[in-house]
Amino acid sequence: MTTLGTSAKRRSSKLPAGQLPVAQSREELVRERAKLRGPIGLVMTMGALHDGHGSLIREATKFGNVMVTIFVNPLQFGAGEDLDRYPRTLGADLELCARAGACLVFAPTPDVVYPNGSPLVRIDPGPGGAMLEGASRPGHFAGVLTVVNKMLNLTRPDRAYFGEKDFQQLTLIERMVADLDMPVTIEGVPTWRDPDGLAMSSRNRYLSAGHRPTALALSQALAAGSKVAAHGREAVLDAARAAFAAHPDLKVDRLDLVDPVTLEDATSGPSRLLVAGILTGQTGPIRLIDNTALTLGVA
Ligand code: PAF
């Protein structure tokens, strides 16, 4: 444990960052977890925390004690992705966790999470893992579901909170929990945005001030599509494409309009518009995603 371990029994007030218990080994986690009484909410993260994570933690505090995991999961990064340069900011992360009301942090290294090396047995996300984001990032969702499953087993929360920003991830986690009868309730939390509309993301810290207007193409495409939802699928996709066309510096990686449960193409009713774009950063490509709910009319 890196910091002191005051009793973690159902804390109603926030702990100063210096007093937040931080378990790094499995043994420390078991010891600190045993001190928690009452309902436990879990927020899983890869660190580089921002106020979007803060909103998840704050939401979870309405339910009970909040545990946060901080772990950059190698399994969900593909070759050529940003695993090595993914921001690691543990000190600032712990401050944010404490401010938002967390009462225990689990921040293991890869050898603690994967003591036998890269796992031979992994969670198969099914067809939903190969479509949309999964088509651009093969193996990504198997890596996500495997670590989510392991973290749930290690921390044993009553509820786990995930942001709607990673909508496909949230959908696949809900499906895993339902299909495998896992004893936890999954809560989706709306995307937290900067005042200009940019969805908060750990990768936003790669953006320079000059990138920002281009990055806003994503939320602008979503707004343009939502505005014409009553006119049907093609109207939404055309409006989103037109919004992207105003930002030639952004490479549109994905534009999908899907059923929120099956993730198949949506033609009417409640739907999800999903976008992904790539900007050229100083240290490599910056891939951003965003999405919104809308109700499609029939054209
Ligand atoms: O959304 C994330 O930050 C990660 O995919 C998660 C759920 C923490 C698993 O590594």
Inset, instruction - Residue by residue through region 269-292, note down the ones that are open to solvent by 60 Å² or more (accessible area, probe 1.4 Å), in a strand (DSSP E or B) and in contact (Cβ under 8 Å) with a residue 12 or more places away in the chain. - result: PRO270, THR280
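Looking at region 168-176, can you tell me whether even one residue there is closer than 22 Å to GLN76 by Cα, away from the ligand (no atom under 14 Å from the Cβ) and open to solvent by 50 Å² or more (accessible area, probe 1.4 Å)?
yes
If you check VAL189 against the conditions, is it on the phi < 0 side of the Ramachandran plot, among the hydrophobic types (A, V, I, L, M, F, W, C) and within 13 Å of the ligand (Cβ to nearest atom)?
Judged against the criteria, VAL189 is a match.
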Legend entry - All positions within region 112-128 that are open to solvent by 60 Å² or more (accessible area, probe 1.4 Å) and either hydroxyl-bearing (Ser, Thr, Tyr) or within 27 Å of GLY54 (Cα to Cα) (or both): SER118
Legend entry - region 178-211, residues that are within 23 Å of LEU237 (Cα to Cα) and in a helix (DSSP H, G or I): none
Legend entry - Lone unmet requirement of (1) at pLDDT 95 or above; (2) open to solvent by less than 40 Å² (accessible area, probe 1.4 Å) for LEU207: (1)
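Based on this model, can you work out whether ILE278 counts as at pLDDT 95 or above and out of contact with any Ser or Thr (no Cβ under 7 Å at 6 or more places or on another chain)?
yes
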Inset, instruction - Considering each residue of region 25-45, count those that are assigned to a loop (DSSP other than H, G, I, E, B) and open to solvent by 60 Å² or more (accessible area, probe 1.4 Å), and give that number. - result: 1
Legend entry - Extreme residue, farthest from the ligand (Cβ to nearest atom), among residues of region 46-100 that are among the β-branched types (Val, Ile, Thr) and in a helix (DSSP H, G or I): THR61
Inset, instruction - Considering only region 129-149, state which residues are in a helix (DSSP H, G or I), of a type outside the set (A, V, I, L, M) and surrounded by fewer than 19 Cβ atoms within 10 Å (Cβ to Cβ). - result: SER136, ASN149
Legend entry - Of residues in region 150-163 being among the basic types (Lys, Arg) and either without any contact (Cβ under 8 Å) to a residue 40 or more places away in the chain or away from the ligand (no atom under 15 Å from the Cβ) (or both), the one most open to solvent (accessible area, probe 1.4 Å): ARG156
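The values are calculated or read from the model by the stated rules, or taken from the named source; none is laboratory data. Quick caveat: nothing in here was measured; it's all calculated off a predicted structure. Neighbour counts run over all protein chains shown; Cβ positions are idealised from the backbone, glycine included. Calculation scope for accessible area: heavy atoms of the full protein, side chains included, ligands and nucleic acids excluded. Shrake-Rupley method; radii C 1.70, N 1.55, O 1.52, S 1.80 Å.
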